[in-house]
Structures are given as structure tokens and as C-alpha cells.
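Step one of this worksheet: look at the structure below.
Values in this text are rule-based calculations from the coordinates and carry no lab data. As the structure is a computational prediction, the values presented were derived from the model and not from experiment. Cβ coordinates were reconstructed from backbone atoms using ideal geometry, including for glycine residues, and neighbour counts include every protein chain displayed.
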Amino acid sequence: MLQERCSDYVLFDLETTGLSTESDRIIEISGLKVINNRIEDEFSTLVNPGIHIPYYASSVNGITDDMVQDAPGIEHALKDFIHFAGSYTLIGHNIRNFDMKFIQRDSENLLGKTLGNDLVDTLILARRYLPDIPSHSLESLASHYNISYAGAHRAFADCHINKQVYDHLLEEMANPSEAARKVPVCPKCGNLLRRRSGIYGDFLGCAGYPDCRYTRNC
């Protein structure tokens, strides 16, 4: 998990049948290949999940069973995306706790391997560099930066929205506010540290727990 600036990367987003990273399935993968801060290539495909897409998922992303009927299955789509991503740093919003868990699960189960790419999570960056705003959802960040949210909740549109958000976050990283300078960061994984209480009193623990178990005294 990186915290430094990236000028060459692949920014990606998924749409899924639901929020469970254990039982739900990918139904869309989109990505933007950015070289020297410019979009040089694009990737987008619907994915046939092999199961019925629940109404609640379709009501959010607009993807229906009919739309994915002739789409490739996840194994083919994932191979194409991995080829597209190559060894570039992967960037996305909440990818650490959501998108990458789908990608790594399916890559391991279907392809017998996991991706070793470095990651940048714009949700973590936003929480670090914009600690004073009430919400760090992609929609809230788009509103904060006056970015159009039209077409959101489809993976390709979300990629373009997130690219603009990341460009603004790079400016925040270059000139962090006083509040941002005071945000504690985990030295092991780059996530934020949260105040927690234990039997010996308060301490700072990584927000990435249980994946990261770093702690230190307040």
C-alpha cells in the first residue's frame, strides 16, 4: 500500500452482485491506464457471473441479467484485465477492502495466483489528507471538488470520476493542511491509525486490522 505520488498507474473499478467479498461475484471490470498523468489506454468489460443478478444490485449499477448474457465469464475477463494492468500500480477507491478482495479471490481460485501489484487506495488518501470533511465516499469527494457525478455506479464512469479525484488528492499531498499533517499513519501498511481502548488503556491501532496488527502507544 503506497502513500507516495504516482504518475504511471492503472486506475480500476468493479461492479458486483453485492457487497460480500466471499459470496458475491464481479459483473463489470473497467480500468484506465495512466502514463505521465495522462490517460493512454482504457479497458472495460461486462462479466457474466453465472448467477442471477439481484434486483438491489441492478437498482444501483443498472446492470441486468440480459446485459451480461453474452459477456465473457470471470476467468476470461480477469485474464484480460491482468494483462491490461501488467505490473503497474493499481489505484482505486476502497480497493484495499473491497475490489482487491474480489480480484485476489478469483485470481487465486481460477488462475492459481494472486496479483503482486502495489496499491494506492484513494479512500485512505482522502481520509488522511481531508480529515475535516464528514464523508469520504467517492460521491462526497466528487461534490467536494465540484466534479460531475453523472453516470456513477458503472465501473467505467467511476474510473473517470476517481481519476479526477486522485488528481485533486495529489495536490493535497503536495501541500497538506495542518490537520492532515497530524493524522497518524501506519508505518507497516500505510493505512490510518485509529484510537482504540484495551485492558491497559488507550492505544493507536491500524485501521487495516485484522490484516495489519500494528499498534503503538498514544
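Calculate, in nm to one decimal, what residue 39 and residue 178 gain on full extension: separation in residues at 0.36 nm each, minus their alpha carbon distance.
Gain in length upon complete extension: 46.9 nm.
Could you compute the net charge surrounding residue 175? Neighbours are other residues with a C-beta less than 13 Å from the C-beta of residue 175; K and R count +1, D and E count -1.
Summing Lys and Arg as +1 and Asp and Glu as -1 gives -1.
So how do 82, 74 line up by other beta-carbon neighbours within 10 Å, fewest first?
Ordered by Cβ neighbours within 10 Å, fewest first: 82, 74.
With all pairs of different alpha carbon atoms counted, what Kirkwood hydrodynamic radius in Å does segment 121-205 show?
It is 14.2 Å.
Compute and list, largest first, the equivalent-ellipsoid semi-axes of segment 62-138 from the alpha carbon gyration tensor, each √(5λ) rounded to a whole angstrom.
That gives 27, 18, 10 Å for the three semi-axes.
Would you be so kind as to identify which of 217, 151, 110 lies farthest towards the positive end of the dipole of segment 73-218, taking Lys and Arg as +1 and Asp and Glu as -1 on Cβ and the Cα centre as origin?
Value: 217.
Name the residue from 166, 189, 199 whose Cα lies farthest towards the positive end of the charge dipole of segment 134-199, charges +1 on Cβ of Lys and Arg and -1 on Cβ of Asp and Glu.
Comparing the listed Cα positions along the dipole, 199 ranks first.
Exceeding 25 Å between C-alpha atoms, which entries from my cross-link table qualify? They are 101/163; 101/182; 33/113; 33/188.
Those over the limit are 101/182; 33/188.
What does the convex hull of the Cα atoms come to per residue for the chain, in Å³?
Per-residue hull volume (Cα only) is 138 Å³.
Tell me which of 123, 91, 43 sits at the most positive position along the dipole axis of the chain, charges placed on C-beta atoms (Lys, Arg +1; Asp, Glu -1).
With unit charges placed on the Cβ atoms, the residue in question is 123.
Where Lys and Arg each count +1 and Asp and Glu each count -1, what net charge lies around residue 198 among other residues with Cβ under 15 Å from its Cβ?
+4
Can you give the helix-only mean residue ellipticity at 222 nm for the chain, where every DSSP H stretch with n ≥ 4 adds -39500 (n - 2.57) and the sum goes over all residues, rounded to the nearest 500 deg cm²/dmol?
The helix-only estimate for the chain comes to -9000 deg cm²/dmol at 222 nm.
For segment 167-208, just the Cα atoms, rotate onto the principal axes and tell me the three extents in Å, largest first.
On the principal axes, segment 167-208 reaches 42, 21, 13 Å in Cα extent.
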